[in-house]
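The values are calculated or read from the model by the stated rules, or taken from the named source; none is laboratory data. All figures in this text were calculated on a predicted structure; none of them were measured in a lab. Cβ coordinates were reconstructed from backbone atoms using ideal geometry, including for glycine residues, and neighbour counts include every protein chain displayed. Just the protein is used for accessible areas: all its heavy atoms, side chains included, with ligands, DNA and RNA removed. Shrake-Rupley method; radii C 1.70, N 1.55, O 1.52, S 1.80 Å.
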Amino acid sequence: MSKPKKKPVAQRPSSGAKPIKAASPRKDATQSVSPPNPMVWLWVALLAAWVFIAYMRALDNQFVDWDDPTYVTENPYLQPANQENLHVLLRSVVSLNYHPLTMATLWWNAANSGIESARAYIWFNLIFHIFNTGLVFFFAFLLSKRNVLIGLVTALGFGLHPMHVESVAWVSERKDVLYVFFFLLSALAYWKHLEKGKFGLWWVLALLAFLLSCLSKAMAVSLVPVLFLLDYWQGRKMLSLGSLLEKIPFIALAVLFGLIALDVQDGGSFYGMFGMVEKNDALADFDVFSPFQRLKFAGYGFMMYIVKLFLPFNLSAFYPYPSLDAVKQGTEGSVYLFGLIFTVAVGAWSLWNARKHKIYLFGFGFYFFTIALVLQVISVGAVVMADRYTYLPYVGLFFMLGYGLDALIRKIPSSKYAVWGAILGLNLFFMLRTREQVDIWQNHDTLWTNVIKLYPNAGEPRKIRGHYYGKTGRIDLAIADFEAALQNNFQNVSIYEGLGNAYGTQGKVDKAVEMFNQALKLDSTNVSVRYNRSIAQLNKNPQAAIEDLTFVVKNSLLEKAANFGARGYAYLLTGNYAAAKQDYDKAISLDAQDPYHFFNRGQAKQLSGDNAGAIVDYEAALKLKPGMAEAVEKLKGLGR
């Protein structure tokens, strides 16, 4: 009987080291070096402290006059922040976005801290950014089979990168830190669901967190393709029946909130379901862009966000498109075409390596799916890029970077200290740049002065800073910014409106009306311009003011006491006392705290022969404004 043959013994590579791929998650690569749980929490605590140090100066920053008035400082439903206004706010579209959970947190801030200081609002953003940094650590830590280095690289990059300052230090970007918090919770819960291998509590928690993320910002819909990526990373068949069935509720929510976003961004109310706090121009009117040019702009953004991940210089709150003349002539520059080629090449390379090196498809896929909706295939706003758009997508890129560094250490153990030194140096650099960027966001003046320094010929930054100067009484500086924008061929309703307001403040009524007329040539239905033109010519041409104010009253999204009060005063000047009284009745019903509504209604009553009624209104005005000279004089004339 023959002896059984021995099994062949596998030979080691001649180098003496078994090559290890960092391409896909494995069960044996890092579990043996995982620290005990207390050590993991120590790393998380150090992460939190490091991020706080980077951002602590933001707590002294102010509101900026860019979306913050719409969201907070001039939001009528935060003044006062009572239960009734909260209920209205939860059903309202704000700045062409429906994000009720975000608005609820801003309402909470207003109810507890008022709207005079941004400190409490920025505290909230910073706390959630720190939470998000911890969640990013655990996300990368779990997906890398409990690899601390990969978790730290991913979380440090996320928490400290200066491109993320916009999402944290800008009060209006509360929606970023909030939606990402729930997005990451949902992704983590889904990963635990995959580990369990069956429906249960983790799946339910993932769906609930996804809903909360969608209620914070519509960008949360990008979670759906990320869930398929998690299937791929875990080794599950992405298009299996079970995988598809369990994602139907996620897909349904994504479709619903996607449709809501498309409708409200176009100025709708989703079949009358929502009210609107303020309508503005979120969708850019760039019909001159061909589909191919839009793709080039998208590719440019995809590429430049990656460039700025490693070279975060010349960061700006505003990255303008090339000039419209260049776009019309097709001479916008080869960099945009190169960006598109780069994007296609990265996608093709990731797909080519999908089987052999999962990390590339997963990392670039996470980056692409979470940024695709803001790559300007549909132009949103007047910018080709925005720092805040990288807040979540950079997780995928830093995860890849962490995997690459971990693979380098395992391939060349002697590189360990050099790699850790490089990580520390890079994040120290990020922290210092973040602190500089936090200072740029200190107030509206520092923010837009920085933008104009980088893009002196861009019209939009001049417009925004000009309106800020006008609001703060620096009229000459406002006019200079508006005129500089016009000199750069930036024809815009708001520019002419700003000039009209500035000239009106200087008492140059004819010049002001001329500017308002220019604005109305561009948009004859603009309610704000009509109102401001009416105020400019109120005393000189009250009948024309009445016509403008009647248009304003009919077309305003909200009934405002100021509109009725201004028209009531115009009726007073034309001698139509009955109409004036009627308008002041309405103004008082909307705002019973303005003494001038009572005073002017008293004048309308007195001039129409109702002295007793006039006395009541003059006394009401005095009660609201003790010592009001005009009311005292009127009462003396009536023997009181």
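If you scan region 145-164, which residues turn out to be over 11 Å from residue 51 (Cβ atoms), out of contact with any Ser or Thr (no Cβ under 6 Å at 6 or more places or on another chain) and buried (at least 24 other Cβ atoms within 10 Å of the Cβ)? Correct list: 151, 153, 154, 157. Scanning region 397-441 for residues that are out of contact with any helix residue (DSSP H, G or I) (no Cβ under 6 Å at 6 or more places or on another chain) and among the acidic types (Asp, Glu) turns up 436, 439. Looking only at region 240-280, residues that are more than 30 Å from residue 193 (Cα to Cα) and in a helix (DSSP H, G or I) come to 4 in all.
Which residues, counting only those in region 128-152, are hydrophobic (A, V, I, L, M, F, W, C), over 17 Å from the mean Cα position of the chain (by Cα) and within 26 Å of residue 441 (Cβ to Cβ)?
130, 131, 135, 136, 137
Check whether at least one residue in region 132-144 is on the phi > 0 side of the Ramachandran plot and among the aliphatic types (A, V, I, L, M), and report yes or no. No - not one qualifying residue is present in region 132-144.
Total residues in region 223-258 satisfying the condition of being within 22 Å of residue 141 (Cβ to Cβ) and open to solvent by less than 60 Å² (accessible area, probe 1.4 Å): the figure is 10. Of the residues 90, 106, 86, the single one that is closer than 13 Å to residue 216 by Cα and without any contact (Cβ under 8 Å) to a residue 60 or more places away in the chain is 90. A search for C-beta distances below 9 Å between a residue of region 547-570 that is touching a residue at least 60 places away in the same chain (Cβ under 8 Å) and any residue that is assigned to a helix (DSSP H, G or I), counting only pairs 6+ apart in sequence or on different chains, returns 557/527; 558/76. Close contacts from region 248-270, counting a first residue that is small (Gly, Ala, Ser) and a second that is loosely packed, with under 15 Cβ neighbours inside 10 Å, with Cβ to Cβ under 8 Å and a gap of 6+ residues or different chains, come to 267/279.
Listed here are the residues, each with its yes/no results for (1) open to solvent by 30 Å² or more (accessible area, probe 1.4 Å); (2) at pLDDT 95 or above.
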site: 21; (1), (2): yes, no
site: 27; (1), (2): yes, no
site: 42; (1), (2): yes, no
site: 61; (1), (2): no, yes
site: 82; (1), (2): yes, no
site: 95; (1), (2): no, no
site: 118; (1), (2): no, yes
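Residues that are open to solvent by less than 40 Å² (accessible area, probe 1.4 Å), at pLDDT 95 or above, within 23 Å of residue 174 (Cα to Cα) and out of contact with any Phe, Trp or Tyr (no Cβ under 9 Å at 6 or more places or on another chain) do not occur anywhere in region 277-291.
Listed here are the residues, each with its yes/no results for (1) assigned to a helix (DSSP H, G or I); (2) farther than 16 Å from residue 638 by Cβ.
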site: 562; (1), (2): yes, yes
site: 578; (1), (2): yes, yes
site: 585; (1), (2): yes, yes
site: 599; (1), (2): yes, no
site: 609; (1), (2): no, no
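Look at residue 540 and say whether it is over 29 Å from residue 519 (Cα atoms) and within 45 Å of the chain's Cα centre (by Cα). Criteria not met by residue 540. When the residues of region 324-362 are narrowed to those that are without any contact (Cβ under 8 Å) to a residue 12 or more places away in the chain and open to solvent by 70 Å² or more (accessible area, probe 1.4 Å), which ends up farthest from residue 290 (Cα to Cα)? So, considering only residues that are without any contact (Cβ under 8 Å) to a residue 12 or more places away in the chain and open to solvent by 70 Å² or more (accessible area, probe 1.4 Å), the one farthest from residue 290 (Cα to Cα) is 355. Kindly indicate the residue of region 201-216 that is open to solvent by 30 Å² or more (accessible area, probe 1.4 Å) and either in contact with a His (Cβ under 7 Å, 6 or more places away or on another chain) or of a type in the set (Ser, Thr, Tyr) (or both) and also farthest from residue 248 (Cα to Cα) among those meeting that condition. The qualifying residue farthest from residue 248 (Cα to Cα) is 215.
Only one entry of 198, 192 meets the criterion of being in a loop (DSSP other than H, G, I, E, B), among the basic types (Lys, Arg) and open to solvent by 50 Å² or more (accessible area, probe 1.4 Å), and that entry is 198.
A residue that is at pLDDT below 95, in contact with a Gly (Cβ under 9 Å, 6 or more places away or on another chain) and more than 25 Å from residue 276 (Cα to Cα) cannot be found anywhere in region 516-529. Could you say whether any residue in region 576-593 is open to solvent by less than 40 Å² (accessible area, probe 1.4 Å) and under 24 Å from residue 88 (Cβ atoms)? Within region 576-593, one or more residues are open to solvent by less than 40 Å² (accessible area, probe 1.4 Å) and under 24 Å from residue 88 (Cβ atoms).
Here's the yes/no breakdown for (1) of a type in the set (A, V, I, L, M); (2) modelled with pLDDT of 95 or more; (3) closer than 20 Å to residue 239 by Cβ; (4) more than 20 Å from the chain's Cα centre (by Cα):
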{"position": "168", "(1), (2), (3), (4)": "yes, yes, no, no"}
{"position": "173", "(1), (2), (3), (4)": "no, yes, no, no"}
{"position": "177", "(1), (2), (3), (4)": "yes, yes, no, no"}
{"position": "180", "(1), (2), (3), (4)": "yes, yes, no, no"}
{"position": "184", "(1), (2), (3), (4)": "yes, yes, no, no"}
{"position": "204", "(1), (2), (3), (4)": "yes, yes, no, yes"}
{"position": "215", "(1), (2), (3), (4)": "yes, yes, no, no"}
{"position": "219", "(1), (2), (3), (4)": "yes, yes, no, no"}
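Among all residues of region 380-389, there is none that is closer than 21 Å to residue 254 by Cα, open to solvent by less than 10 Å² (accessible area, probe 1.4 Å) and in contact with a strand residue (DSSP E or B) (Cβ under 7 Å, 6 or more places away or on another chain).
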